[in-house]
Structure formats: structure tokens, C-alpha cells
Amino acid sequence: MVRPGMYHEAVASYNAAFLEQQLVAQYGSHLNILQVHVPNDQARNFLDNDMLHVLLHNRILLDWVDHAYTYGMVYLEQQFHNPTMSMDIFKDVDNKRIEHVSHYGTPPAIPQWDGWREMTEDNHYHLMFKRAEEHLLPVPPEATGLYYYIGMDPNQVHL
């Protein structure tokens with residue numbers, strides 16, 4: 001998410017390799033997106049190609065990935081100030097980010113998605129039950145907040 005143009009390159013490569021079956025992003029009000037859970041101790045094994053494969057498999061819109069750039073920047077900055085993994089990983093990611101930004105520029109955000117969004121009570125409960133149903137586990141901690149800053153890590157303490 002922090003390297004502008006990377007997903008664009010992957011989509012172009014995919015489309016060049018599969019001329020008869022071009023990538024068509026999901027549209028509509030109901031999307032099917034499979035999540036990937038990577039434990040912190042396995043993060044070094046989850047490489048760029050793995051991440052790109054997940055995005056391509058889920059047929060994620062290019063605009064969505066571009067919009068996630070700001071989230072990636074915030075996450076990267078948080079890791080520099082409060083690292084959860086080796087700083088070498090984040091320094092390497094930041095160096096590659098700088099290289100990609102100089103080549104592609106800063107990706108555009110989706111204006112309608114920027115800023116605060118206050119969740120309704122129905123949104124809150126829908127999220128809680130949907131996540132619990134998906135994982136067949138207790139309600140995850142990120143579903144307990146009543147509002148989020150778009151792109152914000154939901155596990156952070158809210159004011």
C-alpha cells in the first residue's frame with residue numbers, strides 16, 4: 001500500500017499474461033473479499049508477490065489501493081515511532097516507497113472516503129456480528145469502537 005504504482009504494474013502484467021481473461025475489478029454493493037491473516041512472526045515470509053496475489057485474487061479496484069496509500073504512510077510512521085517488528089523491514093519498505101513516489105508520484109485519494117465517518121449503531125452491530133460469524137470466534141476488539149478515522153488502525157485507542 002505504501003508503494004505507488006506497484007499494483008498498477010501487477011494488473012498490467014496479469015492482463016498481459018491472460019489476454020483472454022483480463023482482470024475485472026469487483027463492483028456493486030456486495031463484494032466478496034477474502035482476508036489474509038499473517039502472524040507477526042511470519043511477516044518476513046509474506047512478500048510483495050503474496051500481497052499482490054491477494055489483491056488480484058480479490059479483484060480489488062486500482063483506486064482502492066491508491067486510496068490506501070495514506071493509510072500505509074500513517075502505519076509506516078507509527079511503526080518508526082513504536083515498532084512491532086524489526087526496524088530493518090520498515091526502513092526497506094520506506095526506501096522502496098521513496099523510489100516509487102519519485103517515479104509514479106503520490107497516488108490520488110478518493111475524496112468521498114476521506115475524513116471522519118461516524119458509525120451508526122446498526123453499522124457497529126453489523127460489523128461485530130459479521131466479523132464474529134466470519135471467524136467463528138469471539139467478537140474481535142476492532143469491532144468495539146463506535147467510530148473510526150477512515151484508514152485508521154482500528155486497534156488504536158480512541159479519544
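Computed values, structure above
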| item | result |
| --- | --- |
| Total residues in segment 94-125, condition surrounded by 16 or more Cβ atoms within 10 Å (Cβ to Cβ) and either in a helix (DSSP H, G or I) or charged (D, E, K, R) (or both) | 4 |
| Residue satisfying condition, being under 24 Å from residue 8 (Cα atoms), among the aromatic types (Phe, Trp, Tyr) and not in a helix (DSSP H, G or I), within set 71, 27 | 27 |
| Of residues in segment 35-84 being in contact with a helix residue (DSSP H, G or I) (Cβ under 9 Å, 6 or more places away or on another chain) and of a type in the set (S, T, N, Q), the one most open to solvent (accessible area, probe 1.4 Å) | 49 |
| Test set (1) under 29 Å from residue 130 (Cα atoms); (2) not polar (S, T, N, Q); (3) not in a helix (DSSP H, G or I) - residue 50 fails condition number | (3) |
| Residue ID - modelled with the highest pLDDT, chosen from residues in segment 126-153 that are open to solvent by less than 40 Å² (accessible area, probe 1.4 Å) and among the aliphatic types (A, V, I, L, M) | 128 |
| Residue that is touching a His at 6+ places or on another chain (Cβ under 7 Å), of a type in the set (A, V, I, L, M) and modelled with pLDDT of 90 or more, where the choices are 23, 62 | 62 |
| Candidates 10, 43, 16, filtered to the one that is at pLDDT 85 or above, of a type in the set (Gly, Ala, Ser) and either under 18 Å from the mean Cα position of the chain (by Cα) or within 25 Å of residue 109 (Cβ to Cβ) (or both) | 10 |
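The values are calculated or read from the model by the stated rules, or taken from the named source; none is laboratory data. As the structure is a computational prediction, the values presented were derived from the model and not from experiment. Because the Cβ atoms are built from the backbone with ideal geometry, glycine has one as well, and the counts that use them run over all protein chains shown. These accessible areas exclude ligands, DNA and RNA; they are computed on the full protein's heavy atoms, side chains included. Shrake-Rupley method; radii C 1.70, N 1.55, O 1.52, S 1.80 Å.
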